[in-house]
There are 2 protein chains.
Amino acid sequence: MASFPLSASTPRRYAIVGTGAIGGYYGAKLQRAGVEVHFLTRSDYEVIRQEGLTVESPEGNFRLGEVRAYRDVADMPPCDVVIVALKTTQNQVLGELLPSLLNSDGVVLVLQNGLGVEDEVAQWVGGDRVLGGLCFICSNKLGPGQIRHLDYGAIALGEYRPNYKPQGVTQRMRAIAHDFERAEIPMQFHEDLLLARWKKLVWNIPFNGLSVVLDAKTDRLITDSNSRQAVESLMAEVVAGARACGREIPGVFVEEMLTTTEKMPPYLTSMKLDFEAKRPLEIEAILGTPLRRGTAAGASLPQMALLYQQLTVLDRYNRA
Amino acid sequence: MASFPLSASTPRRYAIVGTGAIGGYYGAKLQRAGVEVHFLTRSDYEVIRQEGLTVESPEGNFRLGEVRAYRDVADMPPCDVVIVALKTTQNQVLGELLPSLLNSDGVVLVLQNGLGVEDEVAQWVGGDRVLGGLCFICSNKLGPGQIRHLDYGAIALGEYRPNYKPQGVTQRMRAIAHDFERAEIPMQFHEDLLLARWKKLVWNIPFNGLSVVLDAKTDRLITDSNSRQAVESLMAEVVAGARACGREIPGVFVEEMLTTTEKMPPYLTSMKLDFEAKRPLEIEAILGTPLRRGTAAGASLPQMALLYQQLTVLDRYNRA
């Protein structure tokens with residue numbers, strides 16, 4: 001870890017694993033700011049190689065004609081920061097990709113939804129070489145190499161360690177944040193990654209889950225009195241799950257999530273978009289792992305359990 | 001109550017309120033057996049008046065060319081037994097119908113789903129003039145005056161009293177059962193109507209509720225491992241709700257419900273049929289009232305609560 005390039009002036013080499021709505025957007029922003037970025041993209045390789053990456057954004061459209069795109073990890077150079085931006089439903093490929101892609105002192109930055117995703121990565125690269133990032137962004141992939149950024153974009157960074165022991169703000173968090181801030185990506189730091197992940201679940205579990213079960217956008221979920229009751233009681237279970245795992249989420253945070261959502265434009269959650277496209281849903285990362293870890297720690301989470309079973313059935317027959 | 005016609009040889013006059021899949025079927029069977037039956041039917045009056053009632057059934061089709069049909073309760077004679085076979089979602093009309101339709105010593109037999117339906121009727125006719133009947137039948141209305149009976153057909157009768165105080169088997173239960181048995185309708189007696197109603201909810205809450213949320217027939221709900229877990233944990237909550245209300249449902253009964261359902265042909269529940277036809281769902285009788293009464297009695301019923309909220313939202317937007 002000593003030789004991870006920490007100074008602001010030392011260039012760090014980035015790899016993007018999963019050049020989609022998240023990885024494509026952040027990778028393109030970094031490259032545009034002068035960072036060396038290598039993009040792994042299997043399905044979209046030909047198009048990206050020939051046409052580059054296009055980002056449509058209310059902050060200004062741009063196109064990168066030349067990008068370092070690869071379909072095979074064996075052709076990529078070792079990188080200092082490997083950004084994992086796959087859907088968690090594809091994580092079975094990580095064991096094959098990460099070890100060879102990572103510089104001997106490099107780190108993996110996991111930009112995925114849900115809980116336990118850093119644990120999965122750590123088993124391949126070691127528990128002291130992983131960071132987690134929570135993305136607060138609305139973006140879609142329109143087609144190969146074509147990203148539409150709709151709103152927001154901040155990333156909240158946190159250091160991972162086995163059992164999610166809090167690490168505070170480290171120098172390599174600052175170094176990575178420096179690169180992202182050069183690329184005009186707002187950054188925050190979390191001293192306790194597990195707390196940050198549970199806090200994000202306060203929104204993600206009710207809104208992602210109920211958007212699929214109730215075929216609804218966020219505006220209906222937050223304004224209809226019955227679905228709002230369902231949202232609020234699920235949020236209370238997430239808080240109870242976090243508490244059982246030793247993390248206290250203040251009531252004022254839950255209130256803020258509700259009022260923020262009231263002000264959002266009607267929004268299809270990522271799970272609902274996956275459902276409509278008949279892609280596998282991120283049920284395990286968003287709901288299954290929190291449910292199992294909270295329950296194992298002694299919490300009673302019956303509504304999360306019912307929602308988990310419902311989503312699993314709906315997902316299975318949606319893709320049958 | 002003394003002058004309710006109790007003897008097997010004294011004819012009892014019947015009224016059917018709601019000439020649909022349930023009321024049309026049982027009323028037609030009674031009339032065919034020689035019982036005097038008067039049918040209230042608003043929407044289907046013209047057709048039934050002209051063409052009578054037709055029953056298709058694996059036990060033999062039959063048609064009644066002449067039936068006593070009414071669109072207005074004011075034209076009907078007072079009856080000894082008024083069978084309420086409306087959907088519970090129409091119960092707001094009962095206060096206007098029942099008092100004038102009921103003979104001074106007559107009784108109301110409530111053939112509806114769910115919990116608390118006898119209480120609603122009792123407020124109009126008095127707490128000692130109500131019986132409940134639980135129908136174990138698959139039948140549909142194909143069109144005005146056209147009933148298709150698919151399977152089963154038994155009715156389990158019980159006496160109602162305020163607070164569902166158990167009444168045992170009464171003479172008027174036997175008198176009514178005599179008429180139904182003449183009409184080849186299998187009858188059972190329940191000494192404790194409230195216990196019978198909670199037992200029926202062990203099936204009705206999970207299967208009706210999940211069939212709508214998961215867009216599934218009974219076979220998928222019972223065989224898919226995730227939906228079966230949801231079924232079983234909802235059943236456990238129904239048992240807990242019943243227990244809080246002072247009624248013990250044995251575990252062997254729950255097991256029987258599961259194995260019986262495994263052997264059933266794939267079956268669309270009545271709530272799912274209502275949902276597909278964009279009719280109002282019987283959420284309050286089947287789920288809302290049990291949830292409120294169980295909770296008020298001290299039970300914790302979080303999965304029933306979530307399912308209740310979900311169904312209410314789905315129903316509202318289904319008919320919007």
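The numbers here are math on the coordinates, done by the rules we state, and not lab data. Since the structure is predicted, the reported quantities are computational estimates derived from the model, not experimental observations. Note: ideal-geometry Cβ built from the backbone for every residue, glycine included; neighbour counts use all protein chains shown.
Couple of notes before you dig in:
- Most fluctuating residue given options A:80, A:224, A:128, as computed from a GNM of chain A linking Cα atoms under 10 Å: A:224
- Placed amide H near residue A:13: partners under 5 Å, 5+ positions off or other chain: A:80, A:81
- Chain A: most fluctuating residue of A:20, A:133, A:95 per GNM, C-alpha cutoff 10 Å: A:95
- Available extension along the chain between residue A:151 and residue A:215 is 20.8 nm, counting 0.36 nm per residue and deducting the alpha carbon span.
- Within straight-line reach of residue B:278, meaning a Cα separation under 25 Å, sit the following lysines at least 8 residues removed in sequence or on another chain: A:217, A:272, B:87, B:141, B:200, B:217.
- Cα-based equivalent ellipsoid, chain A: semi-axes from gyration tensor eigenvalues, Å: 31, 23, 18
- In terms of other Cβ atoms within 10 Å, B:57, A:227 run from fewest to most in the order B:57, A:227.
- Separation in nanometres of the label points that stand 7 Å from Cα toward Cβ, at residue A:59 and residue B:6: 8.5 nm
- For chain B: relative contact order, % (alpha-carbon pairs under 8 angstrom, 6 or more apart): 15 percent
- The distance between label points at residue A:74 and residue A:248 comes to 5.4 nm (points 7 Å beyond Cα on the Cα→Cβ vector).
- Estimated [θ] at 222 nm from DSSP helical runs (n ≥ 4, -39500 (n - 2.57)) normalised by residues in the protein assembly as shown, nearest 500: -13000 deg cm²/dmol
- Taking the convex hull of the alpha carbon positions in region B:195-318 and averaging its projected area over all directions gives 6.8 nm².
- A Förster radius of 35 Å, combined with the Cβ-Cβ distance separating residue B:223 from residue A:279, puts the computed FRET efficiency at roughly 0.90.
- Among B:42, A:243, a tally of other beta-carbon atoms within 10 Å of each Cβ gives an order, fewest to most, of B:42, A:243.
- Region B:104-191 - convex hull of the alpha-carbon atoms, volume per residue in Å³: 119 Å³
- Label point 7 Å beyond Cα along the C-beta direction, distances from residue A:128 to other copies (nm, shortest first): 8.5
- Note that the protein assembly as shown, at 10 °C in a medium of 1.306 mPa s, gets a Stokes-Einstein diffusion coefficient of 57 µm²/s from its Kirkwood radius over C-alpha pairs.
- Take residue A:71, push a point 7 Å out from Cα through the beta-carbon direction, and compare it with the same point in every other copy: 7.2 nm, smallest first.
- You can think of it this way: the chain between residue A:90 and residue A:161 has 23.3 nm of extra reach, that is 0.36 nm per residue less the Cα-Cα gap.
- Counting beta carbons within 10 Å around each of A:173, B:304, A:187 and listing the fewest first gives the order A:187, A:173, B:304.
- Placing a label point 7 Å from the Cα of residue A:265 along the Cα-to-Cβ direction, the distances to the matching points in the other copies come to 5.1 nm, shortest first.
- Proximal aspartates and glutamates to residue B:199, defined as alpha-carbon separation beneath 15 angstrom and excluding residues fewer than eight positions away on the same chain: B:191, B:232, B:237, B:248, B:255, B:256
- For region A:142-239, the alpha carbon positions stretch 46, 37, 21 Å along the principal axes, listed from largest to smallest.
- Chain A residue nearest the axis that carries A onto B, by Cβ, with distance in whole Å, is A:302, 2.
- Distance (nanometres) between label positions extended 7 Å along Cα→Cβ at residue B:124 and residue B:169: 3.0 nm
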